[in-house]
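Notes to accompany the following structure.
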Amino acid sequence: MLTIKQSVQICFVRKAFNTRDRACRSEFWWFYLFVQICSIPLGLLSWLLPGFGSLIYAVFTVVCLYFITATGVRRAHDSGKNGYHVIIPMAVVFLSALTGTVADTAPDGMDPAYQLTLAVLIVCSVGYMLIIMALPGTKGSNRYGPDPLTASEHILNERLKAQTAGSTSAPSKRHTGPDADFSRNRHDSHGIHGGHGRHGIQGSGQISAGANNKASEGSTSPWKESGGSWTGTHMPDSKSDNHSHKPGV
């Protein structure tokens, strides 16, 4: 189902001079309602300004009569009927109204029988057009083209798919700003100084252990120089060594 905005765009712009395709019911009735709403202020203008206002209202009526007729022809095509099912009743209404207006200007007025005949023709023609405009369209394609409802749904689905693909393919934005700089600086400071957690303590312990190993490798042991006998003045104390190497509680 179309909206009133889409219907006006189709009838005034996209298919302004198109009498070959099909038109769904919402396309015709939304456009007809728009024309009637616009005719109300123009009718008031023609009443307030009989000269200029009447001219504007006459031009608007003629222009909209064409667009309504073109949309009505496409609406008849939607139900599988040709455009004459709309053009002939509209011509009967127009000629009957014109004949009645001319007959009213006669000195004797309009004959009652003739007036009744014109009224019946107008009512029957308008009723027939209303039936044609209210008929549901044929499902699927017919000789006048594809189903307008299916085509509009296909267009909407394609737009939704394009929007979804665009949103999923858009790259994620990296958070920038002073907050992000502060968090990165804080993370770097924890990595350098070791922080206050377990990983920082282990890192400092590993660094000190590596330094001691390098220092011991560079020095010469008096035990090795003496060929297995201790030459120093200080004898190693097994108890003190055991206590010194015992892990802390």
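The values are calculated or read from the model by the stated rules, or taken from the named source; none is laboratory data. What you see is a predicted model; the values in this text were computed from it and never measured. Cβ sites come from the backbone with ideal geometry, for glycine too, and all protein chains shown count toward neighbours. Ligands, DNA and RNA are excluded from the accessible area calculation, which covers all protein heavy atoms including side chains. Shrake-Rupley method; radii C 1.70, N 1.55, O 1.52, S 1.80 Å.
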Hey, can you tell me all the residues within region 112-123 that are more than 18 Å from Ile88 (Cα to Cα) and open to solvent by less than 90 Å² (accessible area, probe 1.4 Å)? Ala113
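Considering only region 32-43, state which residues are of a type in the set (A, V, I, L, M) and open to solvent by 20 Å² or more (accessible area, probe 1.4 Å).
Of all residues in region 32-43, those of a type in the set (A, V, I, L, M) come to 33, 35, 37, 40, 42.
Selection gives Leu33, Ile37, Ile40, Leu42.
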Lone unmet requirement of (1) in a loop (DSSP other than H, G, I, E, B); (2) touching a Cys at 6+ places or on another chain (Cβ under 6 Å); (3) not aromatic (Phe, Trp, Tyr) for Pro136: (2)
Of everything in region 1-31, what is open to solvent by 50 Å² or more (accessible area, probe 1.4 Å) and under 19 Å from the mean Cα position of the chain (by Cα)? Give them in sequence order. Met1, Thr3, Ile4, Lys5, Gln6, Gln9
Result of the Cβ filter at 8 Å on region 39-68, keeping first residues that are in contact (Cβ under 8 Å) with a residue 24 or more places away in the chain and partners that are hydrophobic (A, V, I, L, M, F, W, C) and not in a helix (DSSP H, G or I), at least 6 apart or interchain, is Phe67/Ala16
Is it fair to say Pro89 is surrounded by 14 or more Cβ atoms within 10 Å (Cβ to Cβ) and modelled with pLDDT of 90 or more? yes
Looking at Lys81 and the list (1) assigned to a helix (DSSP H, G or I); (2) closer than 30 Å to Ser26 by Cα; (3) in contact (Cβ under 8 Å) with a residue 12 or more places away in the chain; (4) out of contact with any helix residue (DSSP H, G or I) (no Cβ under 6 Å at 6 or more places or on another chain), which single condition is not satisfied? (1)
